[in-house]
Amino acid sequence: MAHDLILKGGTLIDPAAALHAPMDVAFAQGRVADVAPSLDAASARQVIDCRGQFVAPGMIDLHVHVYWGVSHYGIHPDPHCVAKGVTTAVDAGSAGADTFPGFRKFILEASATRLYAHLNISALGMLDPDIGELEDIRHARVDRALATIEQNRDLILGVKVRLTRHSLVSEAAGMRPLHLARQAADAAGLPIMVHPQDAWCSSIDDILAVMRKGDILTHCYHGMPCGILDEQGRIRSAVHEAVERGVLFDVGHGAGSFRWSIAEAALAQGLQPATISSDLHIYNVNGPVFDLATTVSKFLHLGLSLDDALAKVTAVPAQVIGQAGQLGTLRPGAWGDAVVLDVETGEFPLVDSTGVMQIGHRRIVPRTVVRGGKVYQPAAGARSQPSEFVARQG
C-alpha cells in the first residue's frame, strides 16, 4: 500500500504551512507523505477517523526535566511527553558535563519521545533538592561544558544557567554563572537559556544585557524579583529592547514560575511569549502544570487563538531548535509526528504557580498521537509515575 496511516476527516491546523482547513494527512516510512482535502482510505494500512477533531503537528516542549533517577526533578519522558501529544521535548539543564553521558545513553537515546537538551553550565547538573548546582562556583566549568558539547552536538542545543539566589547560587558566585554560560555558549556557537528569577542583580536589565538574538529567557511570567515588569506594572524598556534584538521569551510554567497577574499585564501591553513551554518536572506533574496541553489551554483562556497558541508549541519552537520544515509541521516530507486534538468547552479550573485559580472555558485534549508515522502505543511494562510529590518552587 502507498501509505502506512491516514488521519482522515479532521481539520488540519499547521501554522508553519499557514493551514487551517479540512485535510487528510497520510504517512509513509516515518514521514508525512501527502496532505489533501480527501485521500483514498484504501491506499493505507491504517485509517483513523478524525471527524470533529483537529489534527496538528506533534507538539514541541522547549522546557522539561526528564533525567529520571539522577536529577531530583526528573520524570519519565514518555508517559508525560509523547503520550500527551509532545513528540519532541528539550530538557532544560538537568544534566551537566559530568552527568550528561548517562543522560544521553539511558534517557535521550532510549525514549520514544524525541529529546534534545540544554547543557547545564554546572558540571553536576540538577542533582540535589537542597544544594543548588551553583552554590560552589567551581562547578561552573566552561572547559568541561565545551568538551561535552563537542562530543554531543547532535543533541545539545545550548547552555542553561539558573540564577536564583540563595537556593541555587551563592552570594560569592553572584552573577558569574551567567557570564560563564555566555562564555561557553559563545565558544560553542550556541545560545543560552536563562532562568532569571530573584538573581543577584538589581533587575532583569542586568541579565538581558548579556543576552543576544536566539537566546531564551524562560519563566518570563514569574512573579519574583528580576521580572519583566517595573514598579508601576509596565513592561521594562530593557525587555522591549531584548525582544527587538531577537531574545526569545518562553513561558516555562513550572511549580513557581507562572503567575496569572504577570501574564495578564504583559499580554495587555502586547508582550506575548515566543514559545509556550511547561517546565514539567516531578514537583508539578500532578499540578499545577500536569502537561503541555494544560499550559496551552491557559493561554487560550488568556485570549490567544487556537492557531496562535499551537504555533507557539509547533512552528516557532521548531525554528528555535533548528528543525523548521522537519518538525513542527505536517508538510509532505516532514517527520511524521502529529497529534489529534479535541477542543472541549465547559468550565475548567486552571491554577497558576501561586495557587490562584481561574475558570477556563476551552481546553485542548490530545486523543491520538502519531510518532514517526505510527500511532504511539506505550511499550509493555512502561514505567508509571511515582505517586508522591513534594511541593517545591521551580
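List of remarks:
- Screening segment 44-76 for residues that are out of contact with any Pro (no Cβ under 9 Å at 6 or more places or on another chain) and aliphatic (A, V, I, L, M) and picking the one that is surrounded by the fewest Cβ atoms within 10 Å (Cβ to Cβ) gives Val70.
- Residues of segment 332-358 satisfying the condition of being among the β-branched types (Val, Ile, Thr) and free of Cβ contacts under 8 Å to residues at least 40 places away in the same chain: Thr345
- Residues in segment 78-127 that are of a type in the set (S, T, N, Q) and in contact with a Pro (Cβ under 9 Å, 6 or more places away or on another chain) were compared, and the one that is surrounded by the fewest Cβ atoms within 10 Å (Cβ to Cβ) is Ser111.
- Screening Gly355 with (1) within 16 Å of Leu7 (Cβ to Cβ); (2) outside any strand (DSSP E or B) gives one miss only, at (1).
- Checking each residue in segment 215-225 for being in a loop (DSSP other than H, G, I, E, B) and either under 18 Å from Thr354 (Cβ atoms) or touching a residue at least 60 places away in the same chain (Cβ under 8 Å) (or both) picks out Thr218, His219, Cys220, His222, Gly223, Met224, Pro225.
- Residue match in segment 279-289 (condition: under 23 Å from Arg51 (Cα atoms) and at pLDDT 95 or above): no
- Taking the criterion of being assigned to a strand (DSSP E or B) and in contact with a helix residue (DSSP H, G or I) (Cβ under 7 Å, 6 or more places away or on another chain), the residues of segment 1-56 that qualify are His3, Ile6, Lys8, Ile13, His20, Val47, Ala56.
- Among the numbered conditions (1) in contact with a Leu (Cβ under 6 Å, 6 or more places away or on another chain); (2) among the small types (Gly, Ala, Ser); (3) closer than 21 Å to Asp78 by Cα, the only one that Gly328 does not meet is (1).
- Checking Thr99, Thr113 one by one, the residue that is among the β-branched types (Val, Ile, Thr) and either at pLDDT below 95 or out of contact with any helix residue (DSSP H, G or I) (no Cβ under 7 Å at 6 or more places or on another chain) (or both) is Thr99 and no other.
- Selection count, segment 90-105, where residues are of a type outside the set (Gly, Ala, Ser) and touching a Phe, Trp or Tyr at 6+ places or on another chain (Cβ under 9 Å): 4
- Residue in segment 367-376 that is of a type in the set (Gly, Ala, Ser), modelled with pLDDT of 95 or more, more than 17 Å from the chain's Cα centre (by Cα) and assigned to a loop (DSSP other than H, G, I, E, B) present: yes
- Residue pairs meeting the criteria (Cβ under 8 Å; at least 6 apart or on separate chains; first at positive phi and of a type in the set (Phe, Trp, Tyr), in segment 264-283; second modelled with pLDDT of 95 or more and assigned to a loop (DSSP other than H, G, I, E, B)): none
- Some residue of segment 105-117 being farther than 28 Å from Gly58 by Cα and of a type outside the set (Val, Ile, Thr): no
The values are calculated or read from the model by the stated rules, or taken from the named source; none is laboratory data. From a predicted model like this one, the values you see are computed outputs, not experimental measurements. With ideal geometry, Cβ positions are generated from the backbone for all residues, glycine too; neighbour counts draw on all protein chains shown.
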